[in-house]
Structures are given as structure tokens and as C-alpha cells.
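Laboratory data are not the source of any read-out in this text; all were calculated from the coordinates shown. The shown structure was predicted, so the numbers you read here are calculated from the model rather than taken from an experiment. Don't worry about glycine lacking a Cβ; one is built from the backbone with ideal geometry, like all the others, and counts go over all protein chains shown.
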Amino acid sequence: MRIYISKLCNTETKIAIGKGSLDILEEIEGEAAIIHSKKIDPSGIAEKLDNVTSIIGIEDGEKAKDVEKVLEIIRLIHRTASPDLEWIVAVGGGTVLDIAGFAASIYRRGVKLINIPTTLLGMVDAAMGGKNGVNLDGIKNVLGTFYQPNLVISETSFLATLPLEEILNGLAEVIKYCITLDQELCVLLESKDKEILSLDENIIEEIIYRSTVNKMKIVEIDERDNKGIRIVLNYGHTIGHAIEAGSGFKVSHGRAISIGMVCEALLAKKMGMIVEEVIEYLINMLKTYRLPTSVRELGVDIDMKKAIEALRRDKKRRRGSIRLPFPIGIGTWRGVEVEVEDLEVCLKSCLE
């Protein structure tokens, strides 16, 4: 087990990674409410906590992130919890973590939050960093808060229960870190692909830890996303989110982001920011981990109008442009303002 302590402006977040890390819950005191994926049995987690008064199972997937459903969950907690409620504990994938984090941030002006991701995507991205987003009228994450968890537990034994598709989904975010921030992580992904895909315990713990450090070092510098640095964590996400929306969220986050990274890299090349070798390296890395590099590989129809509408309403938009992080070399990046009209052209080209 490995521990990373992140010291932010108002919160210290402890992140535990590895097999057996759930035992840290036995140190938690006070009343707790558990919000969990219906695919997960929360009884083992509840047994480790001091006083659980609410256990709420919810569906996974983007449709569950609708703000009205979030308010239903808050009403359930309000009816069952006492005025002494101290903790909300989120157990599940990215959807559950977003919902629980948003609920924790607004209920009683904030109660303490524990994130227990059960997917690789959650462990390397969604569980940490403090961004909590829910959807409004089908637009992804248009409502949200910054609210840091007090504790994140990445119990790697959960990964053994996942289908390969879910592992690949998370590896798209790991590749994002390596391409933009961490050349050594790229070397690890290149040389240990068989071990990673077979969930070798030591290697998986290492890539989760490196992803954690990469993300939290950025968050520690730019927690509120107002210095133009945290945008690097959005590489591939602007086009990727539009693809998700255009598919009616039938395309998984990781697969959409995989294509988004390629599309945004091609745009960067068109703008003279990167060379062909970087794009070739990215595509080869994605193919190594069986991730798509074009929309044709998805086997899903993408509604162009819905995708463009999602792009136009992207929450990062400012005065008709969106600041994108472009990888200018393996492990290095640069932020560039791109007009929304140019992004629309890029998106259409990707979808054709």
C-alpha cells in the first residue's frame, strides 16, 4: 500500500493506494451515509465504519448524473441521517463519485467526503482533485463544485472483478497523463503492457500511484482551475465529451477521450504546434491498449447536431473560445486558445 498526502488550500487529502487499503476506514469516527453503485455490495465497507445511518444504492452511467436525481438522493439522506452526520462515503465508479461529491459539497454547506473508487478510471482520475459535476438538460457536468475529499481509498482488489473493457476505459486517462505530463509513465506503459492488462498487482499499484501524483501536483498548483494550468487534465476531453453527448452517452468515457486525444492532437498539428511523430506515438500507445483512435471503430452512430451543441455549450468556453492543452512532445504540453468555430470544424472532421 502506498500513501500520498495532498495539501490544498482548505483541505488535506489522504490518498491510499493498494490491496488492503480499505482497512483505513476503521480509523474513521462519526456518523456516515454511504452512496454506492448498485453493482457493489457495500456491507463490507459499512462494517468497517463506526456508525452508518444511510445506505443508498444508485445506478451507474451518465443518465444517473441528472441534477434532479441528485436532489432525490439528498432528500433521502436528509430524511434518514441525524443532525450529527459527518461523512458521505462514495463507493463506485466515476458517476457515483461525481454524484456523492456534489451532494457532500452542497448538503449543510458541506460534510466530509470519502471516495472509494471501484474502477480504474475512478482510481486514476474521478476520485481525486475535487471537481464534482452533474448534468443539466443532457449537457455533461454543466453544474458543479470544487470540493476536496478528505480521504480517497483506491483498493486495487476491486479491479479483479471488472471486465477488461472497464480496465481499458481507465487506461485512456493513464495515457493522457503520460502523453502530457510524464514521459517515464509512457515508458512503463510501453514496457509493461502485458503485466498491466493482466492486472499485475505491483504494476497496477505503480500506475495508479503515478497517475495520482501527476494529477494532484497539478491540482495543488491550480486547485480552482483559474491559472491556466489545470486545463492539462482536460486533454482529449473537449472533443471527447462532445462524442459522448452525440452518442447519447452510449460511448464510454475512456473510449470517447481516446478519440478526443487523437482529434485534438491532429488539430494541434494543423496549427503547427506538434509534429507527426507525437501523433504516431499516441496512436500506437492507444492501439497497444485496444483503445479506439477514430469514430469508425466505435460501431455507434454519433448525432452530429447533439455533438456540436455539446461543444458549443462546453463549460470551459470563454468569449467564443476554449483553451486546449496540446502535447508538444511526449510528457510536455502547452495551453492554446482555440476558437469554438475551429473546434467545430475539428469535431466534424473527426466524425466523418
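One table, with the values for the structure above:
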quantity	calculated
Label corresponding to P(r) over Cα pairs in 20 Å bins from 0, in percent when calculated from the structure given, among (1) 27, 48, 21, 4, 0; (2) 26, 53, 20, 1; (3) 32, 59, 9	(3)
When each of Lys176/Lys315; Lys38/Lys112; Lys38/Lys215; Lys14/Lys192; Lys38/Lys176 is checked by Cα-Cα distance, pairs over 26 Å	Lys38/Lys215; Lys14/Lys192; Lys38/Lys176
Antiparallel content of DSSP bridges confined to the chain, in %, to 5	45 percent
Percent of beta bridges antiparallel (DSSP, the stretch 1-157, rounded to nearest 5)	30 percent
Highest-fluctuation residue, Val187, Val142, Val295 considered, GNM on the chain with Cα pairs under 10 Å	Val187
Packing-based exposure ordering (other Cβ within 10 Å, fewest first) of Tyr177, Tyr147	Tyr147, Tyr177
Most mobile listed residue (Ser211, Ser54, Ser198) in the chain, GNM with C-alpha springs under 10 Å	Ser198
Excluding exposed DSSP-loop trypsin sites (Lys or Arg not before Pro) (at most 12 other C-beta within 10 Å), longest clean stretch of the chain	1-223
Highest-fluctuation residue, Gly92, Gly170, Gly110 considered, GNM on the chain with Cα pairs under 10 Å	Gly110
